[in-house]
Amino acid sequence: MSKSVVAAKFSFPLDANIAKANLESAGIPSFIADEHTVNMQWLYSDAMGGVRLFVPEEYLQDARKILSEDFSAAVDSLCHSQPESCPHCGSQNVEPHTKGKRPAFLIFILAGFPLFFYQHGLKCSQCGYFWKT
C-alpha cells in the first residue's frame, strides 16, 4: 500500500471536489481531507491549511500536471461557440435578464412573504424582446 501525499490545497470544498473529479476522470485515485470541517466552519479553512486533496505518492507528478492545466478557453469555446440572437429582430446584442424581479421584491417587502413569479431568460438590448431559455 503506497503513501498518500497532498497534491493540492483549496480554500473551498467545491474547488477540491472539482479537482478530485478531474483527477479521477484521468484514472488517478484521490480523496479529500477536512472538507466537512471547512463546510461547517469556513473560517477555519486558512488556519487548517485549507481543504487538502490527497493522491497516492506514485501519482503525484501526474496529478499536479493535470491540476495545473487551464481548460477555461476550451470550455468558453464550447459554451459560446455561436452567439444567441433575438428571435424577434435578429440582433445578437442580447443579455441575461430576470423578468418580474422588481414586482416580486415589492410584494415581499409589502406582504412579508416571497412570491416567486419571476422568469429567467434573455432580453434583446436592441428591441427589448424577452424570451425564456
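Key figures
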read-out: Scan of the stretch 19-44 for residues that are surrounded by 12 or more Cβ atoms within 10 Å (Cβ to Cβ), in a helix (DSSP H, G or I) and either over 19 Å from the mean Cα position of the chain (by Cα) or hydrophobic (A, V, I, L, M, F, W, C) (or both), ordered by number; value: Ala19, Leu23, Thr37, Val38, Tyr44
read-out: Count of residues meeting criterion [without any contact (Cβ under 8 Å) to a residue 40 or more places away in the chain and in contact with an Asp or Glu (Cβ under 6 Å, 6 or more places away or on another chain)] in the stretch 29-51; value: 1
read-out: Matching residues in the stretch 1-18 - criterion: being more than 18 Å from Ser68 (Cβ to Cβ) and either more than 21 Å from the chain's Cα centre (by Cα) or of a type in the set (Ser, Thr, Tyr) (or both); value: Met1, Ser2, Lys3, Ser4
read-out: Of residues in the stretch 76-86 being modelled with pLDDT under 85 and in a loop (DSSP other than H, G, I, E, B), the one nearest to Phe54 (Cα to Cα); value: His80
read-out: Residue list for the stretch 45-60, filter: in contact with a helix residue (DSSP H, G or I) (Cβ under 8 Å, 6 or more places away or on another chain) and in a loop (DSSP other than H, G, I, E, B); value: Gly50
read-out: Extreme residue, modelled with the highest pLDDT, among residues of the stretch 30-75 that are among the charged types (D, E, K, R) and within 12 Å of Pro13 (Cα to Cα); value: Arg52
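The values are calculated or read from the model by the stated rules, or taken from the named source; none is laboratory data. As the structure is a computational prediction, the values presented were derived from the model and not from experiment. Methodologically, a virtual Cβ is constructed for each residue, glycine included, from the backbone with ideal geometry; neighbour enumeration extends over all protein chains shown.
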